[in-house]
Ligand SMILES: Nc1ncnc2c1ncn2[C@@H]1O[C@H](COP(=O)(O)OP(=O)(O)OP(=O)(O)O)[C@@H](O)[C@H]1O
Ligand SMILES: [Mg+2]
C-alpha cells in the first residue's frame, strides 16, 4: 500500500504539488491523469525519492519512503521513464537485463540474456533488436525497451510514465493488455500515467486526476463517467471549453 | 549601491562563491572516495575507464611529449649558448620533462580529452534521466559512474606521465643527436646519471593527482548539469576550465612540496 498525505513540492516559485492525498492499495492498478505539466511525473518521482518533496508524507506499507533503507526499498520497484531513459552505452538486451547482470539479483549472463529476450518479446520486440543500441531504435521501440527493463526483474510495484505515448493503436493495445496482465496475474501494484483514455479504461482499477496541485477526483474507473466533476468530464471528453483553462 | 563599495562587494561575492565551490568539490571528492570501502564494485566499468582514459590517450600524450622534448632541446641549446652551456642539454631536458613539462602537459591533455568527454557523457545521462534510471535499478551513480572513472584516472595517468616523460626525453635525444651533434651514448648516460629517484617520484605523484582532478571534475560537473543541451555544454566547459586551473594550481603546490 502506497499512501501520500499532504505532499507538497515546489521548484522555486513554481508550486507543482500543493497537498496531494492519494492511496494505492496493494495489487491494484492506479491510473493518474491530468493536464500536461500538472506534476504527474514529479509525483511518481517523489514516491521513488528521485525528487525530494518539501512537506507531507509518503509511506510504503506504513514506512516513510525518505527513511526507508534505500536498496531494499528500490529493489521492490520498477519504473518506466517518460523519455525511456535507456543507457545508450549498453546494447538493448543489457539495458533490459541491467538488474540481472549486477547486484543482488545477479545471474549468469546467458540466463539474463534469455530473460531479456523473453521480456522484449512480451513488449512486441523481436530478438534481433537485442544486440542493437538504443540510438538505433525508433522512439516507440525505445519506449517498449524501457517497459521491458521496468518489468524485467518482476518487481512488486511498477510505475509507468506514459507507456503508450508514441505507439501505434495496435501496439498500445498490446501494452495495455500487458500492464493489466502484470497486475492481475503477477499481483503487482501499478501506477500509470497516461493521456490516452482508451488506456485508462483498459488498465485502471482506480483513477485519480491531478489538477491544480491536488487530486481533483479519485475513484474506481467504473464511476469515472458518472462522477459529476466538471474538471474530470472536460478531461475525459477532451473539450476545449470548461473549468480547466486551455491557454491559447 | 555605493560606487566605492560595489567593486569590493563584487570581489567578496566571487570569493564566497569560489570558497563554496571548493567546499562542494571537496565534499564530492570525499564522498567518492568513501565508496572505495563500500561494495558493490563495478570492475567492468573500471576496466572500460582504464582503456578509454589510459590506452586511448597514448597517441596524444606521445605526440605532445615528443614535440615538446624536441623543442626543449633546441631552446636550451640556443639559450645555453649565450653562456657557453650548450653541453647541459641532456640534463635540462631530462629535468624539465620529468619534473615539470611531462606531468603538466599530460595533465592538461587529459583535461582536454578525458574531463570533457566524462562531463559531456554524464551530463547527457543526467538530462535524459539515465541517472534517475540507474537509481531506480538499485545502482548508486557514484559507485557506477564516478568511482570507476576517478580510480582509473588516479592509477593510469601516472603511467601516461611516465610514458610522456620517456618519449619527451627521446624527443630531446633525437634532436640532440640528429640536429645538434651530441654523441648518442653520452647523451643517454648524462640523462640517466643526472635524474634522481625523487624527480621520477614527483613526476608520477603529480600524474596521480592530475588524473584524480581531471576525472573528478568531469564527474562533478556532469552530475550537476542543468537540463537540456545548453546544460550539457555549460557543464562540459566548466569542467575543463576547472580541471585545467586546478591542475596548474596543484602542480605549483606539489612542486613546493617536493623540492
Ligand atoms: N527538475 C525540475 N526542475 C524544475 N522544474 C521541474 C523539474 N521537474 C519538473 N519541473 C516542473 O514541474 C512541473 C510538472 O512537471 P511534470 O514533468 O511532473 O509534468 P507532467 O504532469 O508529467 O506533464 P506531462 O504530461 O507533459 O509529462 C512543470 O511545470 C515542470 O516545469
Ligand atoms: Mg510527465
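The values are calculated or read from the model by the stated rules, or taken from the named source; none is laboratory data. Owing to the predicted nature of the structure, the values given are computational and were not obtained by experimental measurement. Cβ coordinates were reconstructed from backbone atoms using ideal geometry, including for glycine residues, and neighbour counts include every protein chain displayed.
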Looking at this structure, is residue A:59 assigned by TED's automatic domain parsing to the domain that holds residue A:193, within 25 Å of residue B:126 (Cα to Cα) and away from ligand 1 (no atom under 13 Å from the Cβ)?
no
Output yes when any residue across the stretch A:201-213 is without any contact (Cβ under 8 Å) to a residue 60 or more places away in the chain and at negative phi, and no when none is.
yes
Flagged in the stretch A:103-115 as without any contact (Cβ under 8 Å) to a residue 12 or more places away in the chain, part of a helix (DSSP H, G or I) and within 11 Å of chain B (Cβ to nearest Cβ), in numbering order, are A:103
Which residue pairs have Cβ atoms closer than 6 Å, lie 6 or more positions apart in sequence or on different chains, and pair a first residue in the stretch A:16-43 that is within 9 Å of ligand 2 (Cβ to nearest atom) with a second residue that is in a loop (DSSP other than H, G, I, E, B)?
A:40/A:34; A:41/A:82; A:42/A:51
Can you name the number of the only condition in (1) under 29 Å from residue B:89 (Cβ atoms); (2) in contact with a helix residue (DSSP H, G or I) (Cβ under 6 Å, 6 or more places away or on another chain); (3) touching a residue at least 12 places away in the same chain (Cβ under 8 Å) that residue B:216 fails?
(1)
Just to be sure, is residue A:169 surrounded by fewer than 20 Cβ atoms within 10 Å (Cβ to Cβ) and modelled with pLDDT of 95 or more?
no
Checking A:49, A:12, A:37 in turn, the sole residue that is over 20 Å from residue A:204 (Cβ atoms), at pLDDT below 95, surrounded by 15 or more Cβ atoms within 10 Å (Cβ to Cβ) and assigned by TED's automatic domain parsing to the domain that holds residue A:164 turns out to be A:49
Quick check on this structure: which one of B:119, B:133, B:112 is in contact (Cβ under 8 Å) with a residue 60 or more places away in the chain and surrounded by 23 or more Cβ atoms within 10 Å (Cβ to Cβ)?
B:119
Would you check which residues across the stretch A:213-248 are within 28 Å of residue A:154 (Cα to Cα) and in a strand (DSSP E or B) and list them?
A:218, A:219, A:220
Applying the selection to the stretch A:90-102, what residues are facing chain B (nearest Cβ under 8 Å) and outside any helix (DSSP H, G or I)?
A:102
Residue A:46 is checked against (1) touching a residue at least 12 places away in the same chain (Cβ under 8 Å); (2) away from ligand 1 (no atom under 16 Å from the Cβ) and fails just one. What number does that condition carry?
(2)
Only one of A:162, A:156 is under 22 Å from residue B:137 (Cα atoms), within 14 Å of chain B (Cβ to nearest Cβ) and away from ligand 2 (no atom under 16 Å from the Cβ), namely A:156
Residue that is nearest to the chain's Cα centre (by Cα) [pool: residues in the stretch B:130-146 that are at the interface with another protein chain (Cβ under 7 Å from one of its Cβ atoms) and part of a helix (DSSP H, G or I)]
B:130
Could you check the stretch A:60-82 and list, in sequence order, the residues that are closer than 18 Å to residue A:192 by Cα and either surrounded by fewer than 18 Cβ atoms within 10 Å (Cβ to Cβ) or more than 7 Å from chain B (Cβ to nearest Cβ) (or both)?
A:60, A:76, A:78, A:80, A:82
With the requirement that a residue be within 14 Å of another protein chain (Cβ to nearest Cβ) and away from ligand 2 (no atom under 16 Å from the Cβ), what does the stretch A:44-59 give you?
A:49, A:52
When restricted to A:127, A:134, the only residue surrounded by fewer than 19 Cβ atoms within 10 Å (Cβ to Cβ) and either within 11 Å of chain B (Cβ to nearest Cβ) or touching a helix residue (DSSP H, G or I) at 6+ places or on another chain (Cβ under 8 Å) (or both) is A:127
Would you check which residues across the stretch A:160-212 are within 14 Å of ligand 1 (Cβ to nearest atom), under 12 Å from the mean Cα position of the chain (by Cα) and not in a loop (DSSP other than H, G, I, E, B) and list them?
A:160, A:161, A:191, A:192, A:193
